[in-house]
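The values are calculated or read from the model by the stated rules, or taken from the named source; none is laboratory data. Source: prediction; values computed, not measured. Note: ideal-geometry Cβ built from the backbone for every residue, glycine included; neighbour counts use all protein chains shown.
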Amino acid sequence: MERAAAVEVPDGSSGAGSGAGAARLAVGRYGERVAAEHLQAAGMVVLDRNWRCRWGELDLVARDGDVLVGVEVRTRRSLAAGTPLESVTPRKVARLRRLLGLWRQEHPVRPAGLRLDVVAVVLPRSGAARVQHLRGVGA
C-alpha cells in the first residue's frame, strides 16, 4: 500500500545536537510521525512508540484487529543509498521478531497473532511524502 502525504520536510535545525546527526534524527522522528498517521488512517491502533530494551528498539507497536504488529519505520530524503525497504535485512527482521516478543511479555496484551511490518517514508525536496506499507515482513 502506498500513499502520498502533504509534508514539510524537517531540516534538523530544531533537533538535538548539531549538523548531519541532528538532521538525520529530525528526519527519522518526522518519518515515524508520518508512519503512525498512516497506520491510524488504515485503521490500526498505535500502542507504543520508540519502545526500547537492552536488545534494541521497536519504532512503533500497533494493533491491527486482534494482531499485534511491530513496525520498523525507514525514512529517506533520497533514494541515492537505495530504497528504505532495501535497508531491512534478514538479521534486522530476526531482531524485530525478538523485540516484539519481549514487548508482548512486558504488556498486558494477548493478541491472536504477531506480525512485523515495515513502513517506508521517502521525503522529496518538495511535495508530498511517499509512504509504502509492507505487511508481514519475514513471514
(request) Select from the stretch 108-123 the residues that are in contact (Cβ under 8 Å) with a residue 40 or more places away in the chain and either out of contact with any Asp or Glu (no Cβ under 8 Å at 6 or more places or on another chain) or among the polar types (S, T, N, Q) (or both) and write down the one among them that is surrounded by the most Cβ atoms within 10 Å (Cβ to Cβ). (result) Val121
(request) Of the numbered conditions (1) out of contact with any strand residue (DSSP E or B) (no Cβ under 7 Å at 6 or more places or on another chain); (2) farther than 22 Å from Gly21 by Cβ, Arg52 fails exactly one; give the number of that condition. (result) (2)
(request) Being part of a helix (DSSP H, G or I) and under 23 Å from Arg52 (Cβ atoms) is the filter here, so list the residues in the stretch 79-99 that pass it. (result) Ser87, Pro90, Arg91, Lys92, Val93, Ala94, Arg95, Leu96, Arg97, Arg98, Leu99
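Which strands (runs of 3 or more DSSP E) does the stretch 22-78 wholly contain that include 3 or more residues that are surrounded by fewer than 17 Cβ atoms within 10 Å (Cβ to Cβ)?
45-53, 56-64
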(request) Kindly provide the set of residues from the stretch 77-109 that are within 30 Å of Ala128 (Cβ to Cβ), among the charged types (D, E, K, R) and out of contact with any helix residue (DSSP H, G or I) (no Cβ under 7 Å at 6 or more places or on another chain), ordered by number. (result) Glu86, Lys92
(request) Quickly run through the stretch 79-96 and pick out the residues that are farther than 27 Å from Pro124 by Cα, surrounded by fewer than 15 Cβ atoms within 10 Å (Cβ to Cβ) and touching a strand residue (DSSP E or B) at 6+ places or on another chain (Cβ under 8 Å). (result) none
(request) Hey, could you check the stretch 107-132 for residues that are of a type in the set (D, E, K, R) and modelled with pLDDT under 95 and say which is farthest from Ala26 (Cα to Cα)? (result) Arg110
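Assess whether Val137 counts as being in contact with an Asp or Glu (Cβ under 9 Å, 6 or more places away or on another chain), within 20 Å of Glu32 (Cβ to Cβ) and assigned to a loop (DSSP other than H, G, I, E, B).
Working: in contact with an Asp or Glu (Cβ under 9 Å, 6 or more places away or on another chain): yes; within 20 Å of Glu32 (Cβ to Cβ): yes; assigned to a loop (DSSP other than H, G, I, E, B): yes.
Yes.
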